[in-house]
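Below is one structure; the comments refer to it alone.
The values are calculated or read from the model by the stated rules, or taken from the named source; none is laboratory data. None of these values were measured; they are calculated from a predicted model. Every residue, glycine among them, receives a Cβ derived from its backbone with ideal geometry; neighbour counts consider all protein chains shown. Ligands, DNA and RNA are stripped out before the accessible areas are found, and what is left, the full protein with its side chains, is counted by its heavy atoms. Shrake-Rupley method; radii C 1.70, N 1.55, O 1.52, S 1.80 Å.
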Amino acid sequence: MSFLRQGLQQRLLQKLSPQQIQLMKLLQVPTMALEARIKEEIEQNPALEEGKDEEEEASDESRQEKEDRDSDAEGEGHESDTREDFDLDQYISDDEVPSYKTYANNTSPDDEVREVPISGGMSFQDILVSQLHMSELEGDELLIGEHLLGSLDDDGYLRRDLPAVTNDLAFSQNLNIEVKEVAHVLEVIQSFDPPGVGARDLRECLLLQLQRKDQDNKAICLAEEMLDKYMDEFSKKHYEKIMKQLNISEDEMKSAVDEILKLNPRPGNSSAENQKSSQAVIPDFILTNNDGILDLTLNSRNAPSLKVSRAYREMMEHYSKEKKPDKKSQEAILFVKQKLDAAKWFIDAIQQRQHTLLSTMDAIMNYQIEYFQEGDETKLRPMILKDIADIVLLDISTVSRVANSKYIQTHFGTFLLKSFFSESLTTESGEEVSSREVKKILQNIVEAENKKKPYTDQKLVKMLHENGYTIARRTVAKYREQLNIPVARMRKEI
């Protein structure tokens, strides 16, 4: 038998106010997205407007009036000259002049009209479709060609097997055809520009490009034979094995490899890249170095002028004067109050965002003062989110939101804030250094190596030990992969 019991219990709960949630969301928004977010808020809330507040406008007006008085005092002697230059004809509309007086027909029908056309970019698919319709294909073959072109990926490759293509045509186009017919149409497509389009793998793509080159050139013929018979060995850079199998010298091998390196492994990408719009990086912070003194400012786009609508405030004052508002007036008061509160919350959140961004970036700048003064990556100190959070007295998650997708413009380049955070390593002397410093030294060693005999990971570990950096082989491999540096065998050149 169960009994109902009533008791008191005390618990601590952490609840975020709507303004705190709004601030957290705004902190991780970069400059470009902030403008769109502000426009969205203005559209949703009619009580929020762009522009300066009345107090700011009053101070600006008083400042402007003072400047106008000064300028009037200076130009008082020239006032009469200015009035004499006044011309009433400048304000007469051209619409009062009859149209036939402004029209002149001084051309003849025999004159050649030369117009400069405005070029419009064609997509990769449009270029191939135009070539398809100019080929000898017609009827069902034309439908097959259009289907094959639609099956190409952005790199220009056909990733589907021909039997699968025939099945697709049977279901979508109701075409009962054989694989050899699809293969014939594919051969026609492979003759289109750019060379190599319509290939089913990298080997076929490179061979299609070589077949369009001068076949009398010995290096090109050797490159074709190499890719046709020894593609696996070539991709793994087993050059000695290929030279032994083909019985060729090192110079002949080098000339053939040079011809292959000139080819484009992604023929469709060259056209597709032209259609992609590149978006410029807009920095959130601007750092200038004035003779060793660093000056940090926030991008003006991060500090928009927002104000509460004067009409809505007057509306609220009007409703508040009513002694006994009816039901409709109460609903109107509630609506106006909600919009005013939301506008004030948003303005406060934007101001708090500016303060948090500046204080956090100022702490990062002072923590990495030597790096920002000189721009040398080896001057970067080990820094984690907790180091900055302890300085600005904020939570680690807040600092992470500030560093997320934010850029700073310096006198030596524009960088992502997250790139300044790195782990620490201990040298043989006991000094803590940044992992980014080790990566920079590792990259310099690889760039200066002899490409005929590149350093292995074990050799790189030994060289770093000689420079005083105690680091394991697996860590070197991890840093090498983060720097997009391939293994020693793949860095080998002839």
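Things worth noting here:
- Residue within region 386-407 that is within 30 Å of the chain's Cα centre (by Cα), assigned to a strand (DSSP E or B), surrounded by 13 or more Cβ atoms within 10 Å (Cβ to Cβ) and touching a residue at least 60 places away in the same chain (Cβ under 8 Å) present: yes
- Test: residue in region 275-282 that is at pLDDT 85 or above, open to solvent by 60 Å² or more (accessible area, probe 1.4 Å) and part of a helix (DSSP H, G or I): no
- For GLU146: the one exception among (1) among the acidic types (Asp, Glu); (2) open to solvent by 60 Å² or more (accessible area, probe 1.4 Å); (3) closer than 18 Å to ASN264 by Cβ; (4) without any contact (Cβ under 8 Å) to a residue 40 or more places away in the chain: (3)
- Residue check, GLN245 polar (S, T, N, Q) and open to solvent by less than 40 Å² (accessible area, probe 1.4 Å): no
- Single match in GLU225, GLU250 (criterion: in contact (Cβ under 8 Å) with a residue 60 or more places away in the chain and open to solvent by 60 Å² or more (accessible area, probe 1.4 Å)): GLU250
- Flag if LYS218 is of a type in the set (D, E, K, R) and open to solvent by 50 Å² or more (accessible area, probe 1.4 Å): yes
- When GLU423, GLU374, GLU449 are checked against the criterion of being touching a Pro at 6+ places or on another chain (Cβ under 9 Å) and acidic (Asp, Glu), GLU423 stands alone in meeting it.
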